[in-house]
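The values are calculated or read from the model by the stated rules, or taken from the named source; none is laboratory data. Quick caveat: nothing in here was measured; it's all calculated off a predicted structure. Glycine gets a Cβ as well: all are built from the backbone with ideal geometry, and neighbour counts include every protein chain shown. For accessibility, only protein heavy atoms count, side chains too; no ligands or nucleic acids. Shrake-Rupley method; radii C 1.70, N 1.55, O 1.52, S 1.80 Å.
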Amino acid sequence: MREVFQQELREVQERLVKIAELVEAAIENATAAFGNSDVALAEQVLDGAEEIDVLAAQLDQLTIDILARQQPVASDLRLMVGALRMSASLERMGDLAQHIAQLARYRYPESAIPKGLKKIFVRMGALDVEMASKIVELLGALDPRVIEEVRDLDDDLDELHAKVFEKVLSDKLADNPMGAVDATLASRYHERFGDHAVSIAKQVQFFLSGTLD
(Lines give C-alpha, C1' and ligand atoms only; values in the text may rest on other atoms or scores of the structure.)
Protein backbone atom coordinates (compact mmCIF):
# COMPACT_ATOMS: atom_id res chain seq x y z
CA MET A 1 0.00 0.00 0.00
CA ARG A 2 2.83 2.39 0.81
CA GLU A 3 4.40 1.81 -2.60
CA VAL A 4 1.08 2.53 -4.30
CA PHE A 5 0.72 5.70 -2.25
CA GLN A 6 4.19 6.92 -3.21
CA GLN A 7 3.36 6.33 -6.86
CA GLU A 8 0.20 8.37 -6.46
CA LEU A 9 2.18 11.19 -4.88
CA ARG A 10 4.57 11.15 -7.84
CA GLU A 11 1.62 11.30 -10.20
CA VAL A 12 0.26 14.37 -8.42
CA GLN A 13 3.64 16.07 -8.76
CA GLU A 14 3.95 15.10 -12.42
CA ARG A 15 0.49 16.44 -13.19
CA LEU A 16 1.33 19.73 -11.48
CA VAL A 17 4.44 20.03 -13.64
CA LYS A 18 2.43 19.27 -16.79
CA ILE A 19 -0.11 21.99 -16.03
CA ALA A 20 2.69 24.42 -15.17
CA GLU A 21 4.32 23.71 -18.54
CA LEU A 22 1.07 24.53 -20.32
CA VAL A 23 0.77 27.74 -18.32
CA GLU A 24 4.34 28.65 -19.26
CA ALA A 25 3.54 28.17 -22.95
CA ALA A 26 0.31 30.15 -22.59
CA ILE A 27 1.90 33.19 -20.96
CA GLU A 28 4.80 33.13 -23.40
CA ASN A 29 2.42 33.18 -26.36
CA ALA A 30 0.05 35.66 -24.73
CA THR A 31 2.76 38.21 -24.00
CA ALA A 32 4.16 37.81 -27.51
CA ALA A 33 0.68 38.32 -28.98
CA PHE A 34 0.12 41.36 -26.78
CA GLY A 35 3.47 42.92 -27.61
CA ASN A 36 3.34 42.25 -31.34
CA SER A 37 -0.40 42.51 -32.07
CA ASP A 38 -0.32 38.89 -33.25
CA VAL A 39 -3.95 37.81 -33.46
CA ALA A 40 -3.09 34.26 -34.59
CA LEU A 41 -0.97 33.73 -31.51
CA ALA A 42 -3.69 35.23 -29.33
CA GLU A 43 -6.21 32.78 -30.77
CA GLN A 44 -3.80 29.93 -30.05
CA VAL A 45 -3.74 30.90 -26.37
CA LEU A 46 -7.53 31.14 -26.22
CA ASP A 47 -8.00 27.80 -27.95
CA GLY A 48 -5.66 26.06 -25.49
CA ALA A 49 -7.19 27.50 -22.34
CA GLU A 50 -9.67 24.67 -21.85
CA GLU A 51 -6.91 22.05 -21.63
CA ILE A 52 -5.46 23.72 -18.54
CA ASP A 53 -8.90 23.85 -16.89
CA VAL A 54 -9.59 20.18 -17.65
CA LEU A 55 -6.22 18.99 -16.35
CA ALA A 56 -6.59 21.09 -13.19
CA ALA A 57 -10.04 19.61 -12.53
CA GLN A 58 -8.71 16.09 -13.08
CA LEU A 59 -5.83 16.74 -10.70
CA ASP A 60 -8.21 18.04 -8.04
CA GLN A 61 -10.31 14.89 -8.34
CA LEU A 62 -7.25 12.66 -8.10
CA THR A 63 -6.03 14.54 -5.03
CA ILE A 64 -9.39 14.31 -3.29
CA ASP A 65 -9.55 10.59 -4.03
CA ILE A 66 -6.08 10.07 -2.55
CA LEU A 67 -7.00 12.05 0.55
CA ALA A 68 -10.11 9.93 1.05
CA ARG A 69 -8.38 6.59 0.53
CA GLN A 70 -4.96 7.11 2.07
CA GLN A 71 -5.64 9.68 4.82
CA PRO A 72 -2.05 11.00 4.67
CA VAL A 73 -0.31 12.80 7.54
CA ALA A 74 2.66 15.17 7.98
CA SER A 75 4.45 16.18 4.76
CA ASP A 76 2.28 13.91 2.60
CA LEU A 77 -0.82 15.70 3.83
CA ARG A 78 0.83 19.07 3.17
CA LEU A 79 1.54 17.97 -0.39
CA MET A 80 -2.07 16.92 -0.95
CA VAL A 81 -3.54 20.12 0.46
CA GLY A 82 -0.91 22.17 -1.35
CA ALA A 83 -1.68 20.40 -4.63
CA LEU A 84 -5.29 21.57 -4.46
CA ARG A 85 -4.19 25.15 -3.84
CA MET A 86 -1.47 25.07 -6.48
CA SER A 87 -3.87 23.61 -9.01
CA ALA A 88 -6.20 26.56 -8.42
CA SER A 89 -3.33 29.04 -8.82
CA LEU A 90 -2.15 27.40 -12.04
CA GLU A 91 -5.66 27.46 -13.44
CA ARG A 92 -5.94 31.15 -12.59
CA MET A 93 -2.56 31.84 -14.20
CA GLY A 94 -3.88 30.21 -17.36
CA ASP A 95 -6.94 32.47 -17.18
CA LEU A 96 -4.74 35.55 -16.84
CA ALA A 97 -2.71 34.53 -19.89
CA GLN A 98 -6.01 34.22 -21.69
CA HIS A 99 -7.06 37.73 -20.60
CA ILE A 100 -3.82 39.19 -21.97
CA ALA A 101 -4.37 37.37 -25.26
CA GLN A 102 -7.94 38.68 -25.40
CA LEU A 103 -6.69 42.27 -25.13
CA ALA A 104 -4.42 41.67 -28.11
CA ARG A 105 -7.30 40.18 -30.09
CA TYR A 106 -9.75 42.97 -29.22
CA ARG A 107 -7.39 45.73 -30.38
CA TYR A 108 -6.09 43.97 -33.51
CA PRO A 109 -4.82 45.27 -35.90
CA GLU A 110 -3.95 48.14 -33.56
CA SER A 111 -1.65 47.67 -30.60
CA ALA A 112 -3.18 47.33 -27.14
CA ILE A 113 -0.09 49.00 -25.66
CA PRO A 114 -0.29 52.81 -25.44
CA LYS A 115 2.62 54.82 -26.74
CA GLY A 116 5.36 55.18 -24.13
CA LEU A 117 4.60 51.92 -22.33
CA LYS A 118 6.02 49.41 -24.78
CA LYS A 119 9.31 48.80 -22.92
CA ILE A 120 7.56 48.37 -19.58
CA PHE A 121 5.12 45.80 -20.92
CA VAL A 122 7.83 43.91 -22.76
CA ARG A 123 9.72 43.64 -19.48
CA MET A 124 6.59 42.66 -17.53
CA GLY A 125 5.90 39.93 -20.05
CA ALA A 126 9.46 38.66 -19.82
CA LEU A 127 9.22 38.54 -16.03
CA ASP A 128 5.97 36.57 -16.16
CA VAL A 129 7.48 34.09 -18.60
CA GLU A 130 10.54 33.70 -16.41
CA MET A 131 8.39 33.20 -13.31
CA ALA A 132 6.35 30.55 -15.12
CA SER A 133 9.57 28.78 -16.08
CA LYS A 134 10.74 28.92 -12.46
CA ILE A 135 7.45 27.38 -11.31
CA VAL A 136 7.95 24.46 -13.70
CA GLU A 137 11.45 24.03 -12.29
CA LEU A 138 10.27 24.35 -8.69
CA LEU A 139 7.46 21.82 -9.02
CA GLY A 140 9.76 19.36 -10.72
CA ALA A 141 12.83 19.63 -8.50
CA LEU A 142 11.33 21.02 -5.25
CA ASP A 143 14.47 23.14 -4.86
CA PRO A 144 13.98 25.74 -2.09
CA ARG A 145 16.44 28.10 -3.77
CA VAL A 146 13.95 28.63 -6.59
CA ILE A 147 11.39 29.94 -4.10
CA GLU A 148 13.47 33.06 -3.44
CA GLU A 149 14.10 33.51 -7.14
CA VAL A 150 10.35 33.60 -7.75
CA ARG A 151 9.86 36.15 -4.99
CA ASP A 152 12.63 38.38 -6.34
CA LEU A 153 11.09 38.33 -9.81
CA ASP A 154 7.72 39.25 -8.33
CA ASP A 155 9.27 42.25 -6.57
CA ASP A 156 10.55 43.48 -9.94
CA LEU A 157 7.11 42.92 -11.45
CA ASP A 158 5.41 44.92 -8.69
CA GLU A 159 7.74 47.86 -9.37
CA LEU A 160 6.81 47.87 -13.04
CA HIS A 161 3.12 47.60 -12.16
CA ALA A 162 3.48 50.76 -10.06
CA LYS A 163 5.21 52.54 -12.95
CA VAL A 164 2.34 51.73 -15.29
CA PHE A 165 -0.11 53.31 -12.87
CA GLU A 166 2.08 56.40 -12.59
CA LYS A 167 1.95 56.84 -16.35
CA VAL A 168 -1.76 56.08 -16.59
CA LEU A 169 -2.49 58.72 -13.96
CA SER A 170 -0.28 61.29 -15.67
CA ASP A 171 -1.49 63.71 -18.34
CA LYS A 172 0.24 61.71 -21.10
CA LEU A 173 -2.74 59.37 -21.56
CA ALA A 174 -5.43 61.99 -21.05
CA ASP A 175 -6.29 61.94 -24.76
CA ASN A 176 -6.29 58.13 -24.95
CA PRO A 177 -8.84 56.80 -22.43
CA MET A 178 -9.12 53.42 -24.16
CA GLY A 179 -5.34 53.04 -24.04
CA ALA A 180 -5.38 53.90 -20.35
CA VAL A 181 -7.98 51.20 -19.69
CA ASP A 182 -6.02 48.62 -21.70
CA ALA A 183 -2.78 49.48 -19.90
CA THR A 184 -4.46 49.28 -16.49
CA LEU A 185 -6.02 45.91 -17.22
CA ALA A 186 -2.89 44.43 -18.81
CA SER A 187 -0.68 45.59 -15.97
CA ARG A 188 -3.08 44.11 -13.44
CA TYR A 189 -3.15 40.78 -15.30
CA HIS A 190 0.65 40.63 -15.36
CA GLU A 191 0.88 41.54 -11.67
CA ARG A 192 -1.72 38.97 -10.62
CA PHE A 193 0.06 36.29 -12.65
CA GLY A 194 3.13 36.95 -10.52
CA ASP A 195 1.10 36.85 -7.32
CA HIS A 196 -0.17 33.37 -8.15
CA ALA A 197 3.37 32.22 -8.92
CA VAL A 198 4.42 33.42 -5.46
CA SER A 199 1.46 31.60 -3.94
CA ILE A 200 2.66 28.36 -5.54
CA ALA A 201 6.17 28.99 -4.27
CA LYS A 202 4.78 29.44 -0.76
CA GLN A 203 2.89 26.16 -0.99
CA VAL A 204 6.08 24.36 -2.00
CA GLN A 205 7.87 25.97 0.93
CA PHE A 206 5.09 24.81 3.24
CA PHE A 207 5.45 21.27 1.90
CA LEU A 208 9.23 21.32 2.39
CA SER A 209 9.45 23.03 5.76
CA GLY A 210 5.99 23.16 7.30
CA THR A 211 6.07 26.98 7.39
CA LEU A 212 4.97 29.73 5.01
CA ASP A 213 7.64 32.27 6.05
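Identify the residue in segment 88-105 that is of a type in the set (A, V, I, L, M) and farther than 22 Å from residue 17 by Cα and, among all such residues, is surrounded by the fewest Cβ atoms within 10 Å (Cβ to Cβ). Walk me through it before giving the result.
Residues of segment 88-105 of a type in the set (A, V, I, L, M): 88, 90, 93, 96-97, 100-101, 103-104.
Narrowing further to those that are farther than 22 Å from residue 17 by Cα: 100-101, 103-104.
Numbers: 100: 28, 101: 30, 103: 21, 104: 29.
That would be 103.
Among the residues of segment 106-124, is any open to solvent by 40 Å² or more (accessible area, probe 1.4 Å), of a type in the set (Phe, Trp, Tyr) and outside any helix (DSSP H, G or I)?
So the first thing to find is which residues in segment 106-124 are open to solvent by 40 Å² or more (accessible area, probe 1.4 Å), and the list is 106-111, 115-116, 118-119, 122-123.
This time we only want the ones that are of a type in the set (Phe, Trp, Tyr), so: 106, 108.
Those still in the list that are outside any helix (DSSP H, G or I) too: 108.
Yes, segment 106-124 contains a residue that is open to solvent by 40 Å² or more (accessible area, probe 1.4 Å), of a type in the set (Phe, Trp, Tyr) and outside any helix (DSSP H, G or I).
Could you please find all residues in segment 28-55 being touching a Gly at 6+ places or on another chain (Cβ under 8 Å), under 30 Å from residue 80 (Cβ atoms) and not acidic (Asp, Glu)?
If the condition is that a residue be touching a Gly at 6+ places or on another chain (Cβ under 8 Å), under 30 Å from residue 80 (Cβ atoms) and not acidic (Asp, Glu), then 49, 52 are the ones that fit.
On the basis of being under 13 Å from the mean Cα position of the chain (by Cα), free of Cβ contacts under 8 Å to residues at least 24 places away in the same chain and either surrounded by fewer than 23 Cβ atoms within 10 Å (Cβ to Cβ) or not in a helix (DSSP H, G or I) (or both), does residue 130 make the cut? It would help to see each step written out before you state the result.
Values: under 13 Å from the mean Cα position of the chain (by Cα): yes; free of Cβ contacts under 8 Å to residues at least 24 places away in the same chain: yes; either surrounded by fewer than 23 Cβ atoms within 10 Å (Cβ to Cβ) or not in a helix (DSSP H, G or I) (or both): yes.
Yes, satisfied.
Pick out the one residue from 4, 39 that is more than 21 Å from residue 200 (Cα to Cα) and open to solvent by 60 Å² or more (accessible area, probe 1.4 Å). Walk me through how you get there before you give the answer.
Numbers: 39 fails: open to solvent by 60 Å² or more (accessible area, probe 1.4 Å).
None of the others qualify; the one that does is 4.
Could you check how many residues of segment 2-35 are over 12 Å from residue 97 (Cα atoms) and touching a residue at least 12 places away in the same chain (Cβ under 8 Å)? Steps first, please.
Start the filter on segment 2-35 by keeping residues that are over 12 Å from residue 97 (Cα atoms), which leaves 2-21, 35.
Still in the list and also touching a residue at least 12 places away in the same chain (Cβ under 8 Å): 5, 8-9, 11-13, 15-21, 35.
Adding up the residues that qualify gives 14.
Within segment 158-181, does at least one residue satisfy the condition of being touching a His at 6+ places or on another chain (Cβ under 9 Å), surrounded by fewer than 17 Cβ atoms within 10 Å (Cβ to Cβ) and within 21 Å of residue 97 (Cβ to Cβ)?
Let us first name the residues in segment 158-181 that are touching a His at 6+ places or on another chain (Cβ under 9 Å), namely 160-161, 164.
Retained after the next criterion (residues that are surrounded by fewer than 17 Cβ atoms within 10 Å (Cβ to Cβ)): none.
Scanning segment 158-181 turns up no residue that is touching a His at 6+ places or on another chain (Cβ under 9 Å), surrounded by fewer than 17 Cβ atoms within 10 Å (Cβ to Cβ) and within 21 Å of residue 97 (Cβ to Cβ).
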